[in-house]
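These notes concern the structure reproduced below.
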Amino acid sequence: MTDEVTESPGLVKTLRPYHVWALGVGIVLVGEFMGWNFTVAKGGILGALLAMLVAGTMYIMISLCASELGSATKLAGGPYDWARLFIGPGAAASVGLAVYMEYIALEAADAIVVAFIAQEVFPELQVFPVTLLVIATLTFINYRGVVAALTLNFFMTAIAFLAIIVFFFSGTTFGIFELHPENLFQGAMPNGLIGLFAALQFGPWFFLGIEGAAMCAEECKHPSRAVPLGQQAGMITLLVGAAMTLFICATLLPSNIPAEGLGVSVYPLFEAAQSTGVYFLIALLALGTLLTCLSSANGCVCDSSRSWFALSRDHFVSNWFSSVHPRYQTPYKAVIFTMPIAIAFAFSGYLDQVITFSIVSGLLCYVLIPFSLIRFRKMFPTHISKVRPFVSPLQPWISYFAMAIAIVIMSTLFWGYRYNLLFALVFYLVAYFYFHNKHKKHMKEFNWEREMGWPNPSHHIEKE
């Protein structure tokens with residue numbers, strides 16, 4: 001890592017807590033509108049509920065870990081930078097690539113769903129051209145500036161979340177349409193205990209990507225406040241939205257009809273609204289589904305490009321991608337590079353396969369994020385405000401628990417997606433060993449004062 005890099009402007013520091021909320025929730029809220037319902041196909045309503053609770057517990061813990069690490073490091077790479085600083089180059093490269101693939105695959109899934117919705121409204125449209133248009137448009141928005149991109153996310157996300165709230169209370173409080181509570185029991189547990197276990201594999205879709213809120217720390221005005229506040233507010237929003245979504249969809253769509261029920265729907269909230277026959281709700285949920293997919297894809301471009309930018313800045317990939325636009329102050333080359341990869345994922349057209357690769361990549365991060373925090377706390381054990389402005393509670397126990405849940409959920413992918421799981425694990429293991437051997441000499445001498453402005457750790461810990 002001795003190559004000279006031409007100085008370029010830094011990333012602009014303009015983001016506030018609501019931008020962090022918009023980035024985190026904007027990426028994830030799409031999981032309330034589609035994808036989560038594959039838990040019903042595996043384990044029925046009870047399996048979906050179990051998956052939501054187990055995944056929700058894990059994500060609360062991951063969010064606390066990410067808040068502490070993000071507010072301390074204030075770097076754009078997020079999980080990649082945490083692994084680089086506190087574990088080592090092999091783990092850093094693996095998690096950086098995992099973050100990149102997680103968000104790129106999620107962006108592709110979002111664009112596919114937007115295209116399906118557009119085709120439903122205008123049958124003459126073709127899915128793939130619309131998918132290309134969505135990806136290209138969001139790439140251009142992120143090329144022009146992060147503030148505009150995340151301000152747009154804030155409004156799209158707020159409208160989509162409001163659509164869920166209106167839909168929920170229209171049925172439960174105002175009685176605008178009839179609910180069918182018997183659906184909760186008819187499809188409760190169709191595949192027995194093994195179905196409950198297998199359903200966990202899609203549980204993360206309720207919350208997948210919330211840790212990405214911390215990846216804009218380098219562009220926040222006051223990251224020590226904005227990251228924890230925006231991250232935790234986002235997690236609360238998603239927990240409320242997940243509970244309302246599961247209840248309202250389960251009481252409107254049959255979950256015990258394999259060919260046409262809740263477990264196979266592409267956009268379950270929209271189909272649940274269609275089943276009511278109320279035109280206003282159908283239009284509102286169509287708008288909500290469209291906006292949340294666009295918001296998620298928009299946030300994915302932001303986060304994946306930051307991960308690639310961080311990899312480039314530290315010479316894991318070509319230095320060419322580490323350029324910052326002199327006018328827009330965005331990592332524009334890294335942003336542009338998200339487009340062909342997302343198109344390649346979208347070209348497959350298989351929504352559950354794309355979702356699964358995103359989940360595997362995310363789960364790898366959920367093992368390494370808490371492990372990074374454990375190493376961080378060993379290196380900096382005292383509560384120095386300069387180093388740790390936010391201190392998450394009950395550590396290191398919740399870190400160990402979060403890692404255990406992530407490993408358990410990853411193991412459930414063996415049912416139905418074993419080849420996806422094996423391919424992803426081999427891919428990330430190869431990346432780990434390749435980059436560990438290539439960069440281990442450069443990472444041994446690390447100047448904390450120069451890079452982070454921190455005092456040297458109280459005791460040295462060998463990385464890897």
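Projecting the Cα positions of VAL121, ASN153, VAL335 onto the charge dipole of the chain (unit charges on Cβ atoms of Lys, Arg, Asp and Glu, taken about the Cα centre) puts VAL335 furthest along the positive direction. Averaging 1/r over every pair of different alpha carbons in segment 110-213 and inverting the result gives a Kirkwood radius of 17.8 Å.
A simple charge model with +1 on the Cβ of Lys and Arg, -1 on the Cβ of Asp and Glu and nothing else charged puts the dipole of the chain at about 1360 debye relative to its Cα centre.
Surface composition of the chain: carbon plus sulfur atoms contribute 68% of the solvent-accessible area (1.4 Å probe, protein chains only, all chains present). The angle between the Cα long axis of helix 279-313 and the main principal axis of the chain comes to about 20°, on a 0 to 90 degree scale.
Basic side chains Lys and Arg get +1 at the Cβ, acidic Asp and Glu get -1 at the Cβ, and with that the dipole of segment 228-375 about its Cα centre reaches some 580 debye. Simple rule: put +1 on each Lys or Arg Cβ and -1 on each Asp or Glu Cβ in the chain, find the dipole, and look at TRP320, ILE210, LEU138; the Cα lying farthest toward the positive end is TRP320.
Rounded to the nearest 20, the Cβ-based charge dipole of segment 289-435 about its Cα centre (Lys and Arg +1, Asp and Glu -1) stands at 540 debye.
Among 292-301, 65-74, how do they line up by average Cβ neighbours within 10 Å per residue, starting with the highest? Kindly include the intermediate steps, with their values, before the conclusion.
On the way: 292-301: 30.1, 65-74: 27.3.
Per-residue mean Cβ counts within 10 Å order the peptides as 292-301, 65-74.
Once mean projected area of the Cα convex hull in nm² is calculated for the structure shown, the corresponding label among [x] 22.2; [y] 27.8; [z] 20.5 turns out to be [z]. Helix 414-444 and the longest principal axis of the C-alpha atoms of the chain enclose an angle of approximately 10°.
In the context of the full set of protein chains, segment 177-330 has a per residue accessible area of 34 Å² (1.4 Å probe). What the phi angles of segment 319-332 give under the Karplus curve with 6.51, -1.76 and 1.60, with θ = phi - 60°, is a coupling list of 4, 4, 7, 8, 6, 10, 4, x, 9, 8, 6, 10, x, 5 Hz, glycine and proline written as x. Under 5 Å between amide hydrogens, built in the peptide plane, is the criterion, and for LEU15 it picks out CYS220, LYS221 among residues at least 5 positions away or on other chains.
For the chain, the longest principal axis of the Cα atoms and the long axis of helix 397-412 meet at an angle of about 60 degrees. Farthest toward the dipole's positive end in the chain, which of THR289, PHE380, GLY56, given Cβ charges of +1 (Lys, Arg) and -1 (Asp, Glu) about the Cα centre? Of the candidates, PHE380 comes out farthest on the positive side.
The values are calculated or read from the model by the stated rules, or taken from the named source; none is laboratory data. These numbers come from a predicted model, not from an experiment. Virtual Cβ from ideal backbone geometry, glycine too; neighbours counted across all protein chains shown. What goes into the accessible areas is simple: the full protein's heavy atoms, side chains included, and nothing from ligands, DNA or RNA. Shrake-Rupley method; radii C 1.70, N 1.55, O 1.52, S 1.80 Å.
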